[in-house]
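Once you've had a glance at the structure underneath, I'll fire off some questions.
The values are calculated or read from the model by the stated rules, or taken from the named source; none is laboratory data. These numbers come from a predicted model, not from an experiment. Cβ: placed from backbone, ideal geometry, glycine included. Neighbour counts: every protein chain shown.
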């Protein structure tokens, strides 16, 4: 799987090849990091949006090309977690995405779910860099 992991105090950085099988390993790194800060890692919403963001980077950004790399980092602040993902793709028009898809539509749910369940998010031009954050107090209050 070849993950490169860097941890320092409030910061976790992971780079990995665009293989869907890597998501479980990245999630394990994140959950271990958060446990070290006594953050509840059983939060369904947090797990859902992180998996969706990683899936999008691998499937849409890297086009499932296992030779391409994804960069992920997580920064913990006092009451907020920041997540950043950069994929090797050309980007996309992120202004037209994020609306709720039709109920039975099999695609288009990732960005909508991230926008809905995170505390905030931001794309960076050209659309292959994505930042989202989760407020820790909000995460505790809004359990599913």
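Can you tell me which residues in segment 1-25 are out of contact with any strand residue (DSSP E or B) (no Cβ under 7 Å at 6 or more places or on another chain), within 20 Å of residue 131 (Cβ to Cβ) and part of a loop (DSSP other than H, G, I, E, B)?
9 - this is the single residue of segment 1-25 that is out of contact with any strand residue (DSSP E or B) (no Cβ under 7 Å at 6 or more places or on another chain), within 20 Å of residue 131 (Cβ to Cβ) and part of a loop (DSSP other than H, G, I, E, B).
Criterion first (at pLDDT below 95 and touching a helix residue (DSSP H, G or I) at 6+ places or on another chain (Cβ under 7 Å)) does residue 78 satisfy it?
Spelling it out, it is not the case that residue 78 is at pLDDT below 95 and touching a helix residue (DSSP H, G or I) at 6+ places or on another chain (Cβ under 7 Å).
While we're on this one: Test residue 33 against the criterion of being part of a helix (DSSP H, G or I), within 17 Å of the chain's Cα centre (by Cα) and surrounded by 17 or more Cβ atoms within 10 Å (Cβ to Cβ), and give yes or no.
When the stated conditions are applied, residue 33 passes them.
When the residues of segment 76-90 are narrowed to those that are surrounded by fewer than 16 Cβ atoms within 10 Å (Cβ to Cβ) and in contact (Cβ under 8 Å) with a residue 12 or more places away in the chain, which ends up farthest from residue 39 (Cα to Cα)?
90
Same structure, new question: On the given criteria, is residue 71 in contact (Cβ under 8 Å) with a residue 40 or more places away in the chain and not in a helix (DSSP H, G or I)?
Yes; evaluated as a whole, the condition is true for this residue.
Right, another one. Out of 123, 104, 92, 132, I need the residue that is in a strand (DSSP E or B) and either at pLDDT 95 or above or farther than 25 Å from residue 6 by Cα (or both). Which one?
132
Further question: Restricting the search to segment 105-135, which residues are touching a helix residue (DSSP H, G or I) at 6+ places or on another chain (Cβ under 7 Å) and without any contact (Cβ under 8 Å) to a residue 40 or more places away in the chain?
Hits for segment 105-135 are 119, 121, 123, 127.
Quick one: is residue 15 modelled with pLDDT of 95 or more, farther than 15 Å from residue 85 by Cα and surrounded by fewer than 20 Cβ atoms within 10 Å (Cβ to Cβ)?
The answer is no for residue 15.
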